[in-house]
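Data block below; observations after.
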Amino acid sequence: MNTLLDLLKSRYSLRLYDVGKKLSPEVLGKILEAAHWAPSAVNRQPWKFTVFQSEESLKVIQQVYPRPWFTRAPCVVVVSGNRSEAWVRPSDGWNSLETDLALVMDHLTLAATALGVGSCWISNFDYEKLRGILGLAHGEEVFALTPLGYPGENDLPPASRERKPLKDLIDYR
């Protein structure tokens, strides 16, 4: 359990990527495999991964989130999903898509951390522009994206990542 907690505590949003160090196909494959093993409601797996790693495709994806640090990442993964493929709770019609895709992103970012690869979960992007770039069909939705890459030379994890006291978040009954 300590190994898992250490991994969880070590993950942070990387914003300084080493532009000279690309991800190997093996490392990227392991990260995507971990995401693939995320749980989903009724095991529907309503997700899709789009990987941008060529110089040309990275210039395209950078248009949806034009931050200087974002342009340094050697790889960007977009997680999207199809609402009609996700499980729907019969009692009230709640659709599990966002929960399923959040689990995928969590698995992806944690696997990256375990392999020494940095990530930064991004939800603040130009949604319509990205839909157009991906050519999504009706019912398909973009959930989030993350750059992937190795930390730059001067990157330092945050000195402190404050958390609310656990005792304040638990209601024992």
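The values are calculated or read from the model by the stated rules, or taken from the named source; none is laboratory data. All values reported here derive from a predicted model rather than from experimental measurement. Neighbour counts run over all protein chains shown; Cβ positions are idealised from the backbone, glycine included.
Observations on the model:
- Residue satisfying condition, being in contact with a Pro (Cβ under 7 Å, 6 or more places away or on another chain), at pLDDT 95 or above and farther than 29 Å from ASN43 by Cα, within set GLY149, GLY81, GLY118: GLY149
- Checking each residue of segment 85-93 against the condition of being surrounded by 21 or more Cβ atoms within 10 Å (Cβ to Cβ), within 22 Å of GLY29 (Cβ to Cβ) and touching a strand residue (DSSP E or B) at 6+ places or on another chain (Cβ under 9 Å) gives no match.
- Scanning segment 74-95 for residues that are in contact with a Lys or Arg (Cβ under 9 Å, 6 or more places away or on another chain) and in contact (Cβ under 8 Å) with a residue 24 or more places away in the chain yields a total of 10.
- Just one of the listed residues (GLU128, GLU162, GLU98, GLU140) is crowded, with 16+ Cβ neighbours inside 10 Å and over 16 Å from ARG15 (Cα atoms), and it is GLU140.
- Residue pairs meeting the criteria (Cβ under 6 Å; at least 6 apart or on separate chains; first in a loop (DSSP other than H, G, I, E, B), in segment 133-148; second at pLDDT 95 or above): GLY139/ASN82; GLY139/ARG83; GLY139/SER84
- One residue stands out in segment 17-55 among those that are over 26 Å from PRO157 (Cβ atoms) and hydroxyl-bearing (Ser, Thr, Tyr): the one that is surrounded by the most Cβ atoms within 10 Å (Cβ to Cβ), namely SER40.
- Selection from segment 79-121 of residues that are over 27 Å from ASP155 (Cβ atoms), assigned to a helix (DSSP H, G or I) and not hydrophobic (A, V, I, L, M, F, W, C): ARG83, SER84, GLU85, GLU98, THR99, ASP100
- Pick from segment 54-75, criterion farther than 25 Å from GLU26 by Cβ and not in a helix (DSSP H, G or I), ranking: modelled with the lowest pLDDT: PRO68
- Long-range neighbours under 6 Å by Cβ, at least six apart or interchain, first residue in contact (Cβ under 8 Å) with a residue 24 or more places away in the chain within segment 150-173, second assigned to a loop (DSSP other than H, G, I, E, B) and basic (Lys, Arg): TYR150/LYS21
- In segment 24-43, the qualifying residues are those that are part of a helix (DSSP H, G or I) and in contact with a helix residue (DSSP H, G or I) (Cβ under 7 Å, 6 or more places away or on another chain), and the one that is farthest from PRO90 (Cα to Cα) is LYS30.
- Residue match in segment 150-173 (condition: under 19 Å from the mean Cα position of the chain (by Cα) and among the aliphatic types (A, V, I, L, M)): no
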